[in-house]
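Everything below concerns the one structure shown next.
Derivation of every value follows stated rules applied to the coordinates shown; laboratory data play no part. Fair warning: this is a prediction, and the values are worked out from it, not measured in the lab. Here the Cβ positions follow ideal geometry from the backbone for every residue, glycine too, while neighbour counts run over all protein chains shown.
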Amino acid sequence: MPRFLHVSDIHLGFDRYDSKERTLDFFHAFRDALHQYAIVPQVDFVVIAGDLFEHRHIQPNILNQAQLCLQALQEADIPVLAIEGNHDNTPYGTKTSWLRYLSDWGLLKLLEPSNPNAGNALYEPWDEETRRGGYVDLDCGVRVLGSCWYGASAPNAIASLAGAIKTLPPAPAHTVMLFHHGLEGQIARYQGALRYTDLLPLKEAGVDYLALGHIHKHYTLEGWIFNPGSVEANNVEESQFDRGVYLVEIDATGIRADLKRGYTQRSIVRLKVTARGQESQEALEAMAIATVQQAIQSGTIQPAVAPIVELRIEGQVGFDRLELDTRNLQQQLQQLTGALIFLLRYNVDTVEYASHVADEADRLQVEREVFLDLLAAHNSYKKQAPALAQGLIDLKDQQVQGRSEADLYQFVQTLLLDD
């Protein structure tokens, strides 16, 4: 009964938050997942369904991370079969990639269909001497087929691949194919996803297990399509997805793919504060701090593990939104949480008139509330808003009475001096 580990979207070299420690998270997650679910159970092989690296051009330390992980599998006598994804595929105008380098050095087998324009069959068997080939038959009774990153041309490529698979010599008991592409309906805002019917020619050609990558969310379909999701979350939104690595067993009764998530990963916490438009700047800051403190007390945030924390402040504010010192608040909250990265998302609208006046209020009450709203929205006057609001009402009354401009000016001067 063959067993293998299906991983995808490792993204070694991830550098979006400009944090060396965060970049290392992707290495630690990958290495621990391989140790726990490949080396310890001694699987027959490991498949990487694309995007081993974050970038096509990588730094030496990132290459070293990949080599350390793959060498551990090599020492455990576990072969690795891989394909390129859109992040790490061969750059335009070049003939090689870092995955090709790793394959040439024997740390993995990069399975790539041949170019039929060169007179070769689309699927050539793996040649250990040339380190080239599109498929390999393993001693455990599994044929593993590779593919490339096809982008928008994937539906046409699938038809060609399925046709080529049908012409191959008889396969062992089971056939696994690696394919880096996403299916429609799995995540929002994803253009160019494949339909299920696009993939059916592969099943008809004999593929028992289609090992997908590309979408960073776990999903399965119809008992033969499997996508484990990314090994580590690439952003805070992805922290809400189920994702991990698949430990797979195949026998005559079918496929058992167990999603494993118990390896090393950075804790990610998302919080939200909703402003109603009636809070002062100080009150809104206090709400943000209280929300974070409550998350710490409940154990949702554990400062000892240096999590990534996102706090979203949304809604409406009754003051100039730019008056909130978001940088200072972010620094306070980062210290409070011990977060490796603290993301403060401040997305509010300013409400010019935030107070609610009762329907039965008289004209004087309406005027007072309007003046209070205007003054409370101004940083220089909000602390004296009640007294100044009454002063503005008195100023209006004096103007109605026909007082001179000099008298009105003197009244305003006295009002401001008194406050």
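Okay, here's what the table says:
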item: Amide H contacts under 5 Å for Arg345, placed H, 5+ residues apart; result: Leu311, Arg312, Ile313
item: Neighbour-limited loop hits for chymotrypsin sites (Phe, Trp or Tyr not before Pro), segment 101-147 (at most 15 other Cβ within 10 Å; DSSP other than H, G, I, E, B); result: Trp105
item: Among Lys383, Lys396, Lys260: highest mean-square fluctuation, GNM of the chain, C-alpha pairs under 10 Å; result: Lys396
item: Extension reserve of the Gln302-Met287 stretch, reckoned as 0.36 nm per residue once the Cα distance is removed; result: 3.4 nm
item: Lys/Arg +1, Asp/Glu -1 at C-beta; segment 220-293 dipole; positive extreme among Ser267, Thr253, Ser280; result: Ser280
item: Spin-label model distance (nm) - Leu417 vs Glu129, 7 Å beyond Cα toward Cβ; result: 10.4 nm
item: Total charge dipole magnitude, segment 363-418, about the Cα centre, Cβ charges on Lys, Arg, Asp, Glu only, Debye to nearest 20; result: 140 debye
item: Helical contribution to [θ] at 222 nm, DSSP H n ≥ 4, -39,500 (n - 2.57), averaged over the chain, rounded to 500; result: -10000 deg cm²/dmol
item: Sorted largest first, extent of segment 268-350 alpha carbons per principal axis (Å); result: 37, 22, 17
item: Sites Asn64 and Glu323, calculated FRET efficiency, Cβ-Cβ separation with R0 60 Å, nearest 0.05; result: 0.80
item: The chain: most fluctuating residue of Ser97, Ser160, Ser404 per GNM, C-alpha cutoff 10 Å; result: Ser404
item: Estimated FRET transfer efficiency when R0 is 51 angstrom, pair Asp32-Leu395 (beta carbons, to 0.05); result: 0.10
item: Contour minus Cα-Cα distance for Thr167 and Thr197 (0.36 nm per residue); result: 8.6 nm
item: Equivalent ellipsoid dimensions for the chain as semi-axes, Å, which come from the Cα gyration tensor, largest first; result: 63, 22, 19
item: Of Gln398, Gln186, Gln390, the one that fluctuates the most in a GNM where the chain has Cα springs shorter than 10 Å; result: Gln398
item: Where the Cα pairs of segment 133-238 fall when distances are cut into 5 Å bins, in %; result: 2, 11, 23, 24, 19, 12, 6, 3, 1, 0
item: Length released on extending from Asp139 to Gln335, taking residue separation times 0.36 nm less the Cα-Cα span; result: 65.1 nm
item: DSSP-defined beta bridges in segment 268-350 - what % are antiparallel, rounded to 5; result: 0 percent
item: Total charge dipole magnitude, segment 291-332, about the Cα centre, Cβ charges on Lys, Arg, Asp, Glu only, Debye to nearest 20; result: 120 debye
item: Segment 48-140: trypsin sites (Lys or Arg not before Pro) in DSSP loop, at most 15 other beta carbons within 10 Å; result: Lys95, Arg131
item: Cα-based Rg / Dmax (Å) for segment 363-418; result: 11.5, 32
item: Within segment 3-260, percent of DSSP bridges classed antiparallel, to nearest 5; result: 45 percent
item: Sequence-distant residues sharing a close amide H with Gln186 (under 5 Å, placed H); result: none
item: Mean Cβ neighbour count within 10 Å, used as a protection proxy, ranking 3-11, 195-203 highest first; result: 3-11, 195-203
item: Packing-based order for 33-40, 68-75, using average beta carbon neighbours within 10 Å, highest first; result: 33-40, 68-75
item: Relative counts (whole %) of C-alpha pair distances in segment 105-175, using bins that are 10 Å wide; result: 19, 52, 27, 2
item: Distance between segment 22-72 and segment 156-228 - C-alpha centres, whole angstrom; result: 23 Å
item: Within the chain: Cβ-based charge dipole about Cα centre, in debye rounded to nearest 20 (Lys, Arg +1; Asp, Glu -1); result: 940 debye
item: Taking Met177, Met1, Met287 and counting other C-beta atoms within 10 Å, the order from fewest to most; result: Met1, Met287, Met177
item: Amide hydrogen neighbours beyond the local backbone of Val317, cut-off 5 Å, H modeled; result: Asp349, Thr350, Val351
item: Inter-label distance, nm, simple model (7 Å from Cα along the C-beta direction), Asp242/Asp104; result: 4.2 nm
